[in-house]
1. Residues in region 60-77 that are among the aliphatic types (A, V, I, L, M), open to solvent by 70 Å² or more (accessible area, probe 1.4 Å) and within 13 Å of Gln102 (Cα to Cα): how many?
2. Say we look at region 78-104 and pick out the residues that are of a type in the set (Ser, Thr, Tyr) and either at pLDDT 90 or above or closer than 19 Å to Arg61 by Cα (or both); which of these is surrounded by the most Cβ atoms within 10 Å (Cβ to Cβ)?
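The values are calculated or read from the model by the stated rules, or taken from the named source; none is laboratory data. This is a predicted model, so every value here is computed, not measured. Note that we place each Cβ from the backbone using ideal geometry, even for glycine, and neighbour counts take in every protein chain shown. Note: areas computed on protein heavy atoms with side chains; ligands, DNA, RNA excluded. Shrake-Rupley method; radii C 1.70, N 1.55, O 1.52, S 1.80 Å.
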Amino acid sequence: KDIPGTSAISPGSSKESAPDSESPSGTGEADYCRRILVRDAKGTIREIVLPKGLDLDRPKRTRTSFTAEQLYRLELEFQRCQYVVGRERTELARQLNLSETQVG
């Protein structure tokens with residue numbers, strides 16, 4: 001949640017505006033709803049405006065830990081053909097006990 005070199009002023013410092021409110025200046029600020037005040041390494045306070053769709057509270061996706069054999073096979077396939085699709089992708093995923101998304 002933290003941006004390197006910055007620190008939040010206080011936990012309650014973020015403000016949320018109405019999701020569909022249009023800014024008076026017409027700058028398209030309706031797509032943004034969360035503002036956070038941060039202090040950078042020099043002590044300067046800045047406001048960061050975050051997009052509506054950014055969910056900072058959701059848990060992060062866990063990164064796949066591939067075995068040495070899986071990495072070896074994936075690298076071989078990548079050298080042979082950078083884009084494994086269709087039946088080849090399905091078969092490689094099955095052989096390596098991975099999902100097709102992990103193979104791709």
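1. Here the count works out to 1.
2. Restricting to residues being of a type in the set (Ser, Thr, Tyr) and either at pLDDT 90 or above or closer than 19 Å to Arg61 by Cα (or both), the top hit is Thr90.
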